[in-house]
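Q: Handing you a structure now.
FYI, it's all coordinate maths here, none of it is from the lab. What you are looking at is a predicted structure, and each value in this text was computed from that prediction instead of being measured. Cβ sites come from the backbone with ideal geometry, for glycine too, and all protein chains shown count toward neighbours.
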Amino acid sequence: MDNLDLSVIIDNLPFLWQGLQISLSLTALAVVGGIALGTFLALMRLSGFGPLSWVAAGYVNLIRSVPLILVIFWFYFMVPLALGRPIGSFYSALIAFVMFEAAYYSEIIRAGIQSVRKGQVHAGKAIGLSYWQIQRYVVLPQAFRNMIPILVTQAIVLFQDTSLVFVVSLRDFMTASSIVARTEGRLAEMYLFAALVYFTICFAGSIFVRRLQRAKTA
């Protein structure tokens with residue numbers, strides 16, 4: 001440990017910060033997109049209309065059966081082909097994360113919706129609300145309050161998974177750390193620093209989740 005040179009971290013902080021910004025931006029956008037699409041998939045599965053339910057279930061089961069790194073590859077090559085033009089590594093990775101996370105968020109959200117008491121759904125029907133109105137005004141607000149801790153937990157997992165974007169040459173925080181480690185020849189310093197950053201962010205997120213859980217049960 002006496003040979004550690006921490007100056008390499010200080011000298012490369014702007015470069016590393018750029019990588020961390022990409023990781024955090026990718027996480028935040030993928031969480032928003034994943035929850036939005038996941039909510040739609042969950043409502044499709046619970047709609048009672050067979051074809052919609054089957055399509056949503058098929059999508060969820062397919063995506064959850066495939067490794068994330070393979071999904072990233074799929075969308076990195078397929079999205080430009082579908083659009084007829086390149087869109088860059090960041091947007092390809094973002095689409096992949098949104099589509100992948102939506103499958104997991106949909107199951108979380110479906111469980112949250114099913115946790116709302118049936119009597120409130122029946123009350124909504126009694127006053128003439130449609131299925132979608134009941135979900136929007138009655139069920140989803142309560143379900144999301146119950147789901148916040150587990151949604152945040154999934155976001156923490158997503159932040160860790162952003163390190164996989166190196167496969168499409170996107171310079172996230174882990175990739176930036178690896179570049180500095182190789183070019184400066186200081187692998188121990190950089191990988192210890194990367195581990196510390198990931199630990200700090202994820203540990204802070206886990207503390208936030210515990211506080212949410214305590215507030216919910218208080």
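Residue-wise test of (1) buried (at least 21 other Cβ atoms within 10 Å of the Cβ); (2) among the β-branched types (Val, Ile, Thr); (3) assigned to a helix (DSSP H, G or I).
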{"site": "SER23", "(1), (2), (3)": "yes, no, yes"}
{"site": "ALA30", "(1), (2), (3)": "yes, no, yes"}
{"site": "ILE35", "(1), (2), (3)": "yes, yes, yes"}
{"site": "GLY38", "(1), (2), (3)": "yes, no, yes"}
{"site": "PRO51", "(1), (2), (3)": "no, no, yes"}
{"site": "TRP54", "(1), (2), (3)": "no, no, yes"}
{"site": "VAL66", "(1), (2), (3)": "no, yes, no"}
{"site": "ILE72", "(1), (2), (3)": "yes, yes, yes"}
{"site": "VAL79", "(1), (2), (3)": "no, yes, yes"}
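Q: Looking at ASN61 and the list (1) under 21 Å from the mean Cα position of the chain (by Cα); (2) farther than 22 Å from GLN154 by Cβ, which single condition is not satisfied?
A: Condition (2) is where ASN61 drops out.
Q: A further question on this structure: Mind listing whichever residues of segment 114-142 are crowded, with 22+ Cβ neighbours inside 10 Å and either among the hydrophobic types (A, V, I, L, M, F, W, C) or in contact with a His (Cβ under 6 Å, 6 or more places away or on another chain) (or both)?
A: VAL139
Q: State whether one or more residues within segment 134-152 are assigned to a helix (DSSP H, G or I) and touching a Phe, Trp or Tyr at 6+ places or on another chain (Cβ under 8 Å).
A: There is at least one residue in segment 134-152 that is assigned to a helix (DSSP H, G or I) and touching a Phe, Trp or Tyr at 6+ places or on another chain (Cβ under 8 Å).
Q: Just wondering, is there one or more residues in segment 25-36 that are touching a Ser or Thr at 6+ places or on another chain (Cβ under 8 Å) and over 22 Å from GLY205 (Cβ atoms)?
A: Checked against the condition, which is being touching a Ser or Thr at 6+ places or on another chain (Cβ under 8 Å) and over 22 Å from GLY205 (Cβ atoms), segment 25-36 yields no hits at all.
Q: What residue, among those in segment 26-58 that are under 19 Å from the mean Cα position of the chain (by Cα) and of a type in the set (Ser, Thr, Tyr), is farthest from ALA93 (Cα to Cα)?
A: THR39
Q: Now for a different question. Taking the conditions exactly as written (touching a residue at least 60 places away in the same chain (Cβ under 8 Å), assigned to a helix (DSSP H, G or I) and either in contact with a Ser or Thr (Cβ under 7 Å, 6 or more places away or on another chain) or on the phi > 0 side of the Ramachandran plot (or both)), does ALA103 satisfy them or not?
A: In short, no.
Q: Cβ contacts < 7 Å: first residue among the acidic types (Asp, Glu), restricted to segment 173-189; second residue part of a helix (DSSP H, G or I), any location; separation 6+ or different chain. Result?
A: GLU184/VAL8; GLU189/VAL8; GLU189/ILE9
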